[in-house]
Every structure is written in C-alpha cells, then in structure tokens.
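S.K.: Input: one structure, supplied below.
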Amino acid sequence: MSNPNLHILVTGGTGFIGTELVKQLLAAGHQVSLFSRQPTAAIAKLNGKVTAFSNWDDLKNDQVFDAVINLAGSPVVGPRWSAARKQVLLASRVGTTEGLMSWIARAAQKPAVLINGSAIGYYGCRGDEALDETAPAQDEFMSELCQKWEAAALKAEDFGVRVVRLRLGLVFCSHDAKGGALPKLITPYYFGLGGRMGDGQQVMSWIHRDDVIAVILRAIDNDTMHGAYNLTAPEAPTQAQFAKAVGDALHRPTFLVTPACIINTLAGEMGALFTKGQRVVPKKLLNEGYSFKYLDLKSALNVYIGK
C-alpha cells in the first residue's frame with residue numbers, strides 16, 4: 001500500500017481472514033478499529049494494538065475512517081440451515097452492514113472506500129459453467145444471502161463511497177494458520193479416509209488467504225477498483241482432482257466415495273455446497289493485471305503440507 005498512516009475500520013477483524021489482515025495493516029503503520037460483538041476480547045486477541053466497539057451508536061458523527069473493510073459474518077458451514085439458522089446468517093452479514101450504513105449516513109466525513117465481503121455463492125450452483133462477474137444470481141439461499149449482503153453495502157454509493165464487493169471462493173491457507181477450508185477438507189486423508197464426494201465432477205473454486213489479503217490491500221490503494229470481483233484462483237480442480245492431488249501429496253489412498261445422497265441427507269440444503277460445483281473465473285482481476293501468488297492447487301497444497 002502506498003498510502004501511509006490510514007485509519008481503517010474492520011468488521012470481522014478477529015476471523016480467519018480478518019486477523020491476518022489486521023496484523024498486516026498494523027505492521028504497515030496504519031491505525032485499526034474493529035467492530036466486534038466482544039470488543040474486549042478482540043483488543044486482547046490483537047495484543048492491545050487496536051481499538052474496538054460493539055455498538056454503531058458509539059461512533060460519533062465526526063469520527064473519521066479512511067477505509068472500511070466489512071468481513072463480518074457467522075460461518076456458513078456449520079449447523080443445518082433451519083429457518084432460525086438462516087436468520088442468524090442473514091443478521092450477521094446484512095444486519096452488521098445496515099448498522100455500518102447508519103453510521104456512514106450521519107458521518108460528517110465519509111470513508112473513501114468500502115470493501116465488502118461476499119461469496120461465489122452469489123451465482124448459485126451452476127456445475128461446469130464458467131461464471132465471471134457478469135453472471136446473474138440464482139434463486140437459492142446462498143445466492144439470496146450474498147445478494148442481500150451486497151445490496152446493503154451498495155447503499156454506501158449513495159453517499160459517494162467507492163464500493164468494492166469481493167466474492168470469495170473456498171479460502172485456503174498455510175499449515176500454521178488456524179481456519180479456512182483446507183484443514184476440514186484434508187484431515188480425513190491423514191487417516192486414509194479421503195476420497196471423492198458424489199461423482200467428483202463438481203468444480204472447487206478456491207483462493208488462498210494471501211491472495212485475498214493482497215486484493216483487499218490493492219482495493220484500498222487503487223481508486224479505479226469498484227464493483228464486484230471474483231476472488232478465485234485461475235485454475236480450479238474438480239473435487240475428484242482435488243482428492244487425487246491430496247492423496248498423492250500425502251501418500252494416502254483416495255478410494256473412499258461418499259455418495260451425494262448421504263451428504264444431502266446429513267447436511268440438508270447446505271449439502272449443495274459439497275455436492276454441486278461452481279467454476280468461477282476471476283476475470284476482472286486478470287484483466288487488471290493482478291498476479292496471483294497461488295495460481296493452482298499444487299502450489300497451495302505444497303505450502304499447506306510444507307513441501
């Protein structure tokens with residue numbers, strides 16, 4: 001980042017992406033404030049180097065933030081998507097963003113940019129169809145969740161704020177990081193219990209956390225970035241290709257097959273995240289010359305496994 005000494009507001013700053021992002025922002029000399037349901041715990045987690053608050057009404061009208069990064073949201077993969085769980089997922093994203101909008105509306109000085117999280121679930125489960133940022137949304141819960149989250153964030157444009165919407169795929173990480181998709185996906189392979197899910201042809205669009213953070217920092221700095229961006233690596237494997245790559249890397253068998261019907265029975269509507277694929281293409285980032293640190297699955301697996 002070329003802009004020094006910015007004051008940046010982060011929601012979701014103690015999560016898997018947010019924690020590392022905040023550490024990098026602090027290391028670069030920026031001041032960071034967090035919106036958190038547990039501000040005391042958030043400050044402690046980041047060694048007292050941030051300020052935090054839990055109520056949007058606590059922000060004064062003359063409070064100034066140069067940029068806002070909105071990553072808050074309860075994990076999508078977890079309890080079955082009952083009506084109550086769906087409301088939790090919506091409130092944690094849309095509710096938080098609406099609270100943020102209430103402050104932006106009354107702020108005397110608006111932030112220059114809002115970088116808002118979202119997910120490739122916006123496009124729904126579309127098999128092997130190549131989906132760039134112009135692909136339409138679908139009539140599915142994950143798509144509805146992303147649409148409402150993005151719509152809430154877009155209201156900032158009414159106040160002259162540049163809005164960047166980041167649609168993330170599965171987020172991978174290095175082995176020493178806690179969280180992300182890889183630990184859950186890879187752990188069974190260590191015990192010889194790995195293999196494909198369903199027919200294995202569903203495409204796994206993923207992104208490494210290092211690239212997610214690099215794009216966020218780029219979006220703060222680059223005022224030409226606006227609108228939706230797919231945060232997915234250029235090369236996406238099928239689930240069967242993923243299983244083989246992990247098995248080869250760990251020297252473990254991959255002969256087990258988990259039928260899609262079992263996954264869908266156990267997980268309900270959420271099961272589609274595992275049994276149906278999305279080939280999401282990062283067209284805008286590639287067109288704008290972004291150079292991915294992790295282009296393909298092999299490079300991400302090698303850094304996770306420690307090769």
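Each value in this text was obtained by applying a stated rule to the coordinates, not by laboratory testing. As the structure is a prediction and not an experimental result, all values here were calculated from the model. Note that we place each Cβ from the backbone using ideal geometry, even for glycine, and neighbour counts take in every protein chain shown.
S.K.: Return the loop-located trypsin sites (Lys or Arg not before Pro) in segment 21-75 (DSSP other than H, G, I, E, B) with at most 14 other Cβ atoms within 10 Å of their own Cβ; answer none if there are none.
M.R.: 37, 49, 60
S.K.: Quick one: of 23/178; 49/178; 86/148; 110/155; 45/178, which pairs are farther than 18 Å apart, Cα to Cα?
M.R.: Among 23/178; 49/178; 86/148; 110/155; 45/178, the Cα-Cα distance tops 18 Å for 49/178.
S.K.: Dipole size in debye (nearest 20) for the chain around its Cα centre, Lys and Arg Cβ +1, Asp and Glu Cβ -1?
M.R.: Result for the chain is approximately 700 debye, rounded to the nearest 20.
S.K.: Output the relative contact order of the chain, whole-number percent, from Cα pairs under 8 angstrom with separation of 6+ residues.
M.R.: Answer for the chain is 18 percent.
S.K.: Which listed residue (87, 112, 100) has the Cα farthest towards the positive end of the charge dipole for the chain, taking +1 on Lys and Arg C-beta and -1 on Asp and Glu C-beta about the Cα centre?
M.R.: 87
S.K.: Also, I was wondering about something else. Between segment 111-144 and segment 1-33, what's the alpha-carbon centroid distance in Å?
M.R.: Centre-to-centre (Cα) distance: 25 Å.
S.K.: Additional query: With each label point set 7 Å from Cα along the Cα-Cβ vector, what nm distance links residue 305 and residue 191?
M.R.: A separation of 2.0 nm, rounded to one decimal place.
S.K.: At 222 nm, what helix-only mean residue ellipticity would the chain give, in deg cm²/dmol to the nearest 500, using -39500 (n - 2.57) for each DSSP H run of four or more?
M.R.: -10500 deg cm²/dmol
S.K.: Note the angle between two axes, namely the Cα long axis of helix 16-27 and the longest principal axis of the Cα atoms of the chain, as a number of degrees from 0 to 90, rounded to the nearest 10.
M.R.: That works out to roughly 50 degrees.
S.K.: Provide the gained length on full extension for the span residue 298 to residue 130, in nm with one decimal, where the gain is 0.36 nm per separating residue minus the Cα-Cα distance.
M.R.: So the extension gain works out to 58.4 nm.
S.K.: Taking segment 209-307, how many lysine pairs are there with alpha carbons less than 20 Å apart, if each pair must be eight or more places apart or span two chains?
M.R.: Lysine pairs satisfying the spacing and distance rule in segment 209-307 number 7.
S.K.: Another question about this same structure. Residue farthest toward the positive end of the dipole of segment 118-200, with Cβ of Lys/Arg at +1 and Asp/Glu at -1: which of 124, 138, 186?
M.R.: 186
S.K.: If you put +1 on each Lys and Arg Cβ and -1 on each Asp and Glu Cβ, how big is the dipole of segment 93-182 around its Cα centre, in Debye rounded to 20?
M.R.: Computed charge dipole of segment 93-182: roughly 520 debye.
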